[in-house]
1. Can you give me the angle between helix 7-18 and the longest principal axis of the chain, using Cα atoms only, in degrees from 0 to 90, rounded to the nearest 10?
2. Can you count the Lys pairs in segment 7-166 whose Cα atoms are under 16 Å apart, with each pair 8 or more apart or on different chains?
3. May I ask you to list the GluC sites (Glu not before Pro) in segment 48-111 that are in a DSSP loop and have at most 16 other Cβ atoms within 10 Å of their Cβ?
4. Under the classification rounded if a/c is under 1.5, otherwise prolate if a/b is larger than b/c and oblate if not, where does segment 7-166 fall, given a ≥ b ≥ c as square roots of the Cα gyration tensor eigenvalues?
5. Three principal axis extents, largest first, for the C-alpha atoms of segment 88-167, in Å?
6. Post the alpha-carbon centroid distance, segment 110-161 to segment 61-85, in whole angstrom.
7. In Å and whole numbers, how far do the C-alpha atoms of segment 27-105 stretch along each principal axis, longest first?
Amino acid sequence: MSGIITTHGHVRRAYEFYNRSNIYVGIGRTTPWVDENIPPIPTGDETAVVEIFGYKNLHSKMYVVPDPEGELSYRGQGWREVQPENIYDEGAKWVLVKFFLEFDELPLIGYRQIGIYTGLEKLPGVSDGPLVPEQVVNPGILEVIDNKKVESREVDKKEEITLIIEF
């Protein structure tokens, strides 16, 4: 007989992620998919975003739980924010993360893959702003990966990347 992870175990993992200070989104995959209308589903065995051309640090994060009446919407589902002091009482094993790509702060090329990294190490003296691969000593651990249809980058376009991660 095997055991299962308890809800509080999942919440603790969400808590550990939430309290990390070096969370980045990696942006890449410039090569088209075999079928551009149907990106492949990640296998879970990926260790890096392919053809990565930039990293952007986290803008904001919050604990969330599914709620059909929630004020947040993500991929067709309602969510609501949970305050940190209530995460165990409410079983908040999800963290919403948000990143912004500001206009031309990274190369203006289309991308098809994003990944959430923890533990990224920069070269000494490099600021926390957007990073190109040459400024990164070690990208850290790829925690989440998402394949998508091509997202075009334009000089006059500010992009918001939002993901909800379940632990």
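Quick note: the coordinates plus some simple rules give every number you see, no bench work behind them. All figures in this text were calculated on a predicted structure; none of them were measured in a lab. As a convention, Cβ positions derive from the backbone with ideal geometry for all residues, glycine included, and neighbour counts pool all protein chains shown.
1. 30 degrees
2. Numbers: LYS56/LYS98; LYS56/LYS122; LYS56/LYS157; LYS56/LYS158; LYS61/LYS93; LYS61/LYS98; LYS98/LYS158.
The number of close lysine pairs in segment 7-166 is 7.
3. Numbers: sites: GLU51, GLU69, GLU71, GLU81, GLU85, GLU90, GLU102, GLU105; in loops: GLU51, GLU69, GLU71, GLU105.
Those satisfying the criteria are GLU51, GLU69, GLU71, GLU105.
4. Values: a/c = 1.75, a/b = 1.39, b/c = 1.26.
Taking the square roots of the gyration eigenvalues as a ≥ b ≥ c, segment 7-166 is prolate.
5. Principal extents (Cα only, largest first): 43, 32, 19 Å.
6. 25 Å
7. Rounded to whole Å, the extents work out to 44, 28, 25 Å.
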